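The values are calculated or read from the model by the stated rules, or taken from the named source; none is laboratory data. As the structure is a prediction and not an experimental result, all values here were calculated from the model. Virtual Cβ from ideal backbone geometry, glycine too; neighbours counted across all protein chains shown.
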Amino acid sequence: MELVRELSDYRQLKAEIENLKKEKRAVILAHYYQRPEIQDIADFVGDSLDLARRATEVEADIIVFCGVHFMGETAKILNPDKKVLLPEPKAGCAMADMATKKEVLKLKEKYPNAWVVSYVNTTAEVKTVSDVCCTSANAVKIIEKVPSEEVIFVPDKGLAYHVSKKVKGKRIIPFEGFCPDHYLFTEGMLETLKQRYPDAPVGVHPETPPSVQDRADFVGSTSQLLKWATDPSLEAREIIVITEIGLKYQMEKKNPNRKYIFPTPEEGVGYLLCSQMKAITLEKVYETLKEEKNEIELPQEIVKKAKKPIELMLEWST
């Protein structure tokens with residue numbers, strides 16, 4: 001009876017959210033790392049680049065952003081006249097918080113001829129002193145277009161390493177930031193999975209340590225990993241995927257005929273799980289939309305300055 005009641009409540013909650021979306025002319029955007037039930041109610045699910053693009057296209061009065069704080073800020077920067085709501089206002093990103101405007105300005109003083117390329121995983125304030133933004137999906141393409149030989153890359157040293165291997169003729173100056181969740185995964189953990197699944201190709205996110213990237217068959221963003229791992233032409237029944245476990249849900253939906261091996265305690269290597277992303281629940285989405293609370297608000301001056309590097313990224317990504 002308890003399970004029946006839980007399923008009934010779940011369906012009712014989804015129905016209530018759908019009604020509120022229509023009533024309030026709202027859309028829900030969700031990152032791949034969100035809980036499956038959050039991905040199911042979203043109007044669009046994607047990675048940071050996909051979501052940034054979609055945020056410029058939505059015809060709605062309210063955007064409910066199911067992601068972490070810097071993502072909600074980006075949506076607000078691109079839609080200053082819309083109400084952007086974050087179901088869990090405390091959902092942050094440790095990597096984004098590692099870089100500050102003051103530290104970036106110090107690097108600019110040290111390397112005056114360098115362009116500042118900031119990963120979208122940065123605060124709005126850091127974006128105000130950046131020349132262009134990027135995501136893990138377009139970082140290589142963006143940096144290839146930068147008209148300077150020196151590039152200050154903020155804040156992810158893992159992605160900076162990936163870019164430095166792909167882009168020739170540029171000096172990448174990495175900031176010493178990193179994703180604590182992806183950096184917990186070690187070369188030894190990967191070896192454990194490779195021994196257990198010797199025939200499985202390995203795909204990893206570029207936020208992982210260099211030693212992990214170097215042992216992978218494929219390195220790519222969440223959207224790129226999704227496309228690679230579910231490609232029917234890839235001759236593999238089992239695939240090792242090293243990124244946040246939320247992506248597994250979309251992989252199994254897109255191509256259920258494969259086994260996707262993610263880091264889990266069952267595999268003997270522990271979860272690669274972002275607790276901040278998982279902090280958003282259906283209940284929080286419902287309450288936030290119903291009460292129109294947890295609004296992202298930014299000073300107009302920050303919006304104006306931060307918008308330029310984001311728009312240049314979108315322009316260079318086309």
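The criterion of at least 1 residues that are modelled with pLDDT of 95 or more and over 29 Å from GLY67 (Cα atoms) is met by the following strands (runs of 3 or more DSSP E) wholly inside the range 121-211: 150-154, 171-174. Looking across the range 209-223, just one residue is surrounded by fewer than 18 Cβ atoms within 10 Å (Cβ to Cβ) and of a type in the set (S, T, N, Q), and that is SER211.
Within the range 91-120, the residues that satisfy the criterion of being buried (at least 17 other Cβ atoms within 10 Å of the Cβ) and part of a loop (DSSP other than H, G, I, E, B) are ALA91, CYS93, ALA99, ALA114, VAL120.
Of the residues making up the range 4-32, just one is loosely packed, with under 10 Cβ neighbours inside 10 Å and modelled with pLDDT of 90 or more, namely LYS22. Of all the criteria given as (1) farther than 30 Å from VAL64 by Cα; (2) assigned by TED's automatic domain parsing to the domain that holds ILE17, the one not satisfied by VAL219 is (2).
Of the listed requirements (1) at positive phi; (2) outside any loop (DSSP other than H, G, I, E, B), GLY270 misses just one: (2). Once the range 301-317 is narrowed to residues that are in contact with a Pro (Cβ under 9 Å, 6 or more places away or on another chain) and in contact (Cβ under 8 Å) with a residue 40 or more places away in the chain, the residue that is surrounded by the fewest Cβ atoms within 10 Å (Cβ to Cβ) is LYS307. When LEU298, LEU247 are screened for being touching a residue at least 60 places away in the same chain (Cβ under 8 Å) and closer than 30 Å to MET189 by Cα, only LEU247 passes.
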